[in-house]
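Working notes, beginning with the structure itself.
The values are calculated or read from the model by the stated rules, or taken from the named source; none is laboratory data. What you see is a predicted model; the values in this text were computed from it and never measured. When we count neighbours, we look across all protein chains shown, and the Cβ atoms used for this are built from the backbone with ideal geometry, even at glycine. Ligands, DNA and RNA are excluded from the accessible area calculation, which covers all protein heavy atoms including side chains. Shrake-Rupley method; radii C 1.70, N 1.55, O 1.52, S 1.80 Å.
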Amino acid sequence: MNDHKQSIINSLKQSHLFTSLTDNQIDRICNHCKIIKLKEGQRLFSQGDDVNYFYMVHSGKLKLYRVSPDGQEKIIEIIKSGEVFAEALMFMDHPHYPVNASALTQTDLIAIHTKTFKDMLSGSVDTCMKLLGDMSFRLHQLINEIDTLTLHSGTCRIASYLLHNMPEDKESYELDIPKSVIAARLSVKPETFSRITRRLRDKGVLSIDGNIITIHNRNALKELSIV
């Protein structure tokens, strides 16, 4: 087995979606996989493109997004290392990607051939159940996001995001994606994100130095967030 194929196998086995597959099934999938390397800002696919692959992020980050008629970008999801996306589309007849996907950083992906994986599912009930569980979890996430975006203020959404990404044992951490991307993900304008964080800074809740966030009053931030 060559190093390229072994690297794909090792990466796939790190995802819960592939842990119940036999070595023969993994080998079969790998024969129809390919590695894709994207530069920062490079697009993987566009909304409306035919679906032939779903993907696992090996390293890096990318965004799934749509663009409104007036040119405004709405980020649907940020996909990080080890995560799988677009897998549910394999069950649609003549599927097309419903969003655009572009790299936020230099990103390496494993592209998994949808037809090969779908054909293989008939021999792996455990994997079918894991896939159903994964899709159900994503559905609940989307429902929760709709509630968050429609029922809570921009301050509440930003406070929740900062808390969610804050390590329990640290007061400071570095934002791993640009503030403009975070703002788009939270459906606020970049200037609104800056205004809200300045207000939190003036109240002594937090401070920002470049991409470093320091939380000075975690309880105050919790009171502003979604409980």
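Here are a few things to note about the model shown:
- Asp50/Leu139 FRET efficiency (R0 30 Å; Cβ-Cβ; nearest 0.05): 0.80
- Segment 83-120 and segment 17-55: distance between their alpha carbon centers, rounded to Å: 6
- Accessible area of segment 1-111 belonging to carbon and sulfur atoms, whole % at 1.4 Å probe: 45
- With the charge dipole of the chain set up from +1 on Lys and Arg Cβ and -1 on Asp and Glu Cβ about the Cα centre, the Cα lying farthest toward the positive end among the listed residues Leu221, Ile78, Gly204 is that of Gly204.
- For the chain, modelled as a GNM whose springs connect Cα atoms under 10 angstrom apart, the maximal fluctuation among Lys37, Lys130, Lys203 occurs at Lys203.
- Ordering Pro178, His16, Met129 by Cα displacement along the dipole of the chain toward the positive end leaves Pro178 in first place; charges were set at the Cβ atoms of Lys, Arg (+1) and Asp, Glu (-1).
- In degrees, nearest ten, helix 154-164 long axis to first principal axis of the chain (Cα): 60
- Charges were assigned to the Cβ only: +1 to each Lys and Arg, -1 to each Asp and Glu. The resulting dipole of the chain about its Cα centre is roughly 520 debye.
- With contributions of -39500 (n - 2.57) from each DSSP H run of at least four residues, the per-residue ellipticity at 222 nm computed over the chain stands at -12500 deg cm²/dmol.
- For the chain, the solvent-accessible area with a 1.4 angstrom probe is 55 square angstrom per residue.
- Per-residue SASA entry for Glu40, accessible area with 1.4 Å probe, Å² rounded to 10: 140
- Principal-axis tilt of helix 125-151 within the chain, Cα atoms, nearest 10 degrees: 20
- Set of segment 18-59 residues, backbone N closer than 16 Å to the point 7 Å along the Cα-Cβ line of Cys128: 20-22
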